[in-house]
Every structure is written in C-alpha cells, then in structure tokens.
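Heads up, the thing below is written out as structure tokens.
The values are calculated or read from the model by the stated rules, or taken from the named source; none is laboratory data. Note that this is a predicted model, so its numbers are computed, not measured. Quick reminder, even Gly has a Cβ in these numbers, built from the backbone with ideal geometry, and neighbours come from all protein chains shown. What goes into the accessible areas is simple: the full protein's heavy atoms, side chains included, and nothing from ligands, DNA or RNA. Shrake-Rupley method; radii C 1.70, N 1.55, O 1.52, S 1.80 Å.
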Amino acid sequence: MEATLVLIKPDGLKRSLTGNILTRLSETKLEIAGARVVRVGRELAEKHYGHLREKPFFEELIRYIMGEFHDRLKVLALVYYGEDAIPKVRELAGGTNPEEADSVSIRGAYGRVLTSGLFENVIHCSANGEEAEREIKLWFKPEDIIFDVYETETVTRESVKEVVWKEKKE
Ligand code: DAT
Ligand code: MG
C-alpha cells in the first residue's frame, strides 16, 4: 500500500474539470485519504517544483501553479492511498506533455500546450515513492490525512502561535 499526491491545478479548477477528474480517479478504486484547498504561495510552489529550478520554463511553471494565469489562486490537493497508488494515478493522468499523452488520459483529454511551450496539464501526480513522500509531507500535516501514511512523532512546542476560530460572545 502506498500514497500519492494529486493536485488539480488552477486550469483544472477554472475549467470546472474537478468533477470529471475525480470521477476518472475513482476508477482506480483508491481511497482519498486527505483533501485540502490550498492557496499556493511562491515558497510552496518553488519547493514543490524544486527539481526543475534550472529549467527555462521554471518561472512560468511557478506562476502557473500559483494560479496567476487563471485568476484562481488555489489548487485542490488530494492524497490517494491504496495498492500501487502511484503508477495507477500516473497512468490515468497520462504523459507530461498533453499533446503526446494518451488521448483517453486526463492530461491527453484536457491538457494543452501554450505558445510559450509551457504544458498546462491540469493535474499533478507524484512520479515515484520518494517524490510522493516528499510532496505529501510538503502539502499535508499528519493530522490532515486519515491514517499515518508515513511515520510520525509527537513533539511539544512552547509558545507556538496558532490562529483559532474566535469565540462568539453571546
Ligand atoms: P510530471 O508533472 O509529469 O511529473 P515533471 O515533474 O517533469 O513532469 O514536470 C513538472 C511540470 O512542469 C509538468 O507537469 C509540466 C511542466 N513541464 C515539464 N517539462 C516541461 C517542458 N519540457 N516544457 C514545458 N513545461 C514542462
Ligand atoms: Mg513530476
């Protein structure tokens, strides 16, 4: 059993593809173990795509995942869990370049290539176990996932500031 990270990217959200994508992913029979709507700041974006820092399309990729091209400043982040979760989702997602991806795959059906050359490919999914662990730990806290997909520990922190719901005064 393994976990994989899926992101529905800003183009997927803007074009109302969430339902279609989740339906396609349900074909895998994998379990959704976590889900968050996330506003992606530059720091998170650059960490997520850190392995592509040297690529000529890096800056555009960062702005894309931050939602700057689709006036949707968010992504939907999901953790799928189950047997062979990583290759199952990868296969359904299709190749990185949507023009070369299998036409029945999610990226093949819904992705496109911009004139700049950037691949707007609708979803992200982890490529292998090592990346899945790094990415899931970047996007999720242990408490946001319904089971411990990786080892956890309990630490006590003094004077950590936390935003909580304001109590209503009757
Ligand atoms: P994947 O998303 O399939 O794991 P990746 O990790 O190599 O692929 O790249 C991350 C994203 O960067 C990818 O989804 C789209 C963009 N990208 C990758 N290679 C590209 C290229 N040659 N030209 C334009 N965009 C590219
Ligand atoms: Mg990748």
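So Ser105 clears everything in (1) over 17 Å from Ala77 (Cα atoms); (2) within 14 Å of the chain's Cα centre (by Cα) except one condition, right? Which one?
(2)
For region 77-121, give me each residue that is aliphatic (A, V, I, L, M) and open to solvent by less than 20 Å² (accessible area, probe 1.4 Å).
Ala77, Leu78, Val79, Ala85, Ile86, Val89, Ala93, Ala101, Ile106, Leu118
If I ask for residues that are within 15 Å of ligand 1 (Cβ to nearest atom) and over 24 Å from Ser16 (Cα atoms), which ones from region 50-84 would you list?
If the condition is that a residue be within 15 Å of ligand 1 (Cβ to nearest atom) and over 24 Å from Ser16 (Cα atoms), then Gly50, His51, Leu52, Arg53, Glu54, Lys55, Pro56, Phe57, Phe58, Glu59 are the ones that fit.
Report, by residue number, each residue of region 1-25 that is part of a helix (DSSP H, G or I) and either under 15 Å from the mean Cα position of the chain (by Cα) or within 12 Å of Lys74 (Cβ to Cβ) (or both). Outline the logic, then answer.
Narrowing region 1-25 to residues part of a helix (DSSP H, G or I): 10-14, 18-25.
Those that are part of a helix (DSSP H, G or I) and either under 15 Å from the mean Cα position of the chain (by Cα) or within 12 Å of Lys74 (Cβ to Cβ) (or both): Pro10, Asp11, Gly12, Leu13, Lys14, Thr18, Ile21, Leu22, Leu25.
Consider region 74-114. How many of its residues are within 21 Å of Lys141 (Cα to Cα) and among the aliphatic types (A, V, I, L, M)?
So the answer is 7.
Filter region 123-141 for residues that are in contact (Cβ under 8 Å) with a residue 24 or more places away in the chain and surrounded by fewer than 15 Cβ atoms within 10 Å (Cβ to Cβ); which is nearest to ligand 1 (Cβ to nearest atom)?
Asn128
Consider only pairs whose beta carbons are under 8 Å apart and that are at least six residues apart or on different chains; among these, list those whose first residue lies in region 36-60 and is under 17 Å from Glu135 (Cβ atoms) and whose second residue is assigned to a loop (DSSP other than H, G, I, E, B) and open to solvent by 100 Å² or more (accessible area, probe 1.4 Å).
Note: pairs meeting the criteria are Glu46/Arg53.
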